[in-house]
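The values are calculated or read from the model by the stated rules, or taken from the named source; none is laboratory data. Note that this is a predicted model, so its numbers are computed, not measured. Neighbour counts are summed over all protein chains in view; Cβ atoms, including those assigned to glycine, are modelled from backbone coordinates with ideal geometry.
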Amino acid sequence: MKPIVVDIPHQLGKTEARRRLEEGFGGLQQKLMGGAAIRCSQSWEGDRMTFAAEGLGQKMGGRIEVLDTAVRMEIDLPDWLAAIAETVKGRALKEGRRLLEKPRA
């Protein structure tokens, strides 16, 4: 299993980026799993979240580290899901950017 790595820059500062992830991560996971009904778990240790999701017989997990100017996502997919790795990476980048985007004035 090789993780997909996605770096998402932000200008929110570490505290606000973490708050947004805590509030919006459930929706982000659903979008990564294609909108399927899923069971999710997450836990935080400092500024690092570990997560797992399962739905439609598929499992994935990973880690998210909140940094001052970026969020680093590492998503673990089983080897047999490698064919959709780029799709998952693209969704993670798009939805992560949306979650961390500063509100427009």
Self-check item: Any hit, the range 86-102, residues being among the acidic types (Asp, Glu), surrounded by 18 or more Cβ atoms within 10 Å (Cβ to Cβ), outside any loop (DSSP other than H, G, I, E, B) and at pLDDT 80 or above
Solution: yes
Practice problem: Quickly run through the range 1-17 and pick out the residues that are part of a helix (DSSP H, G or I) and among the β-branched types (Val, Ile, Thr). | Solution: Thr15
Quiz item: Can you pull out the residues in the range 1-39 that are crowded, with 16+ Cβ neighbours inside 10 Å, at pLDDT 70 or above, in contact with a strand residue (DSSP E or B) (Cβ under 6 Å, 6 or more places away or on another chain) and closer than 20 Å to Asp76 by Cβ?
Solution: Ile4, Val6, Ile8
Quiz item: So is Thr69 modelled with pLDDT of 80 or more, more than 16 Å from Pro3 (Cα to Cα) and hydroxyl-bearing (Ser, Thr, Tyr) or not?
Solution: yes
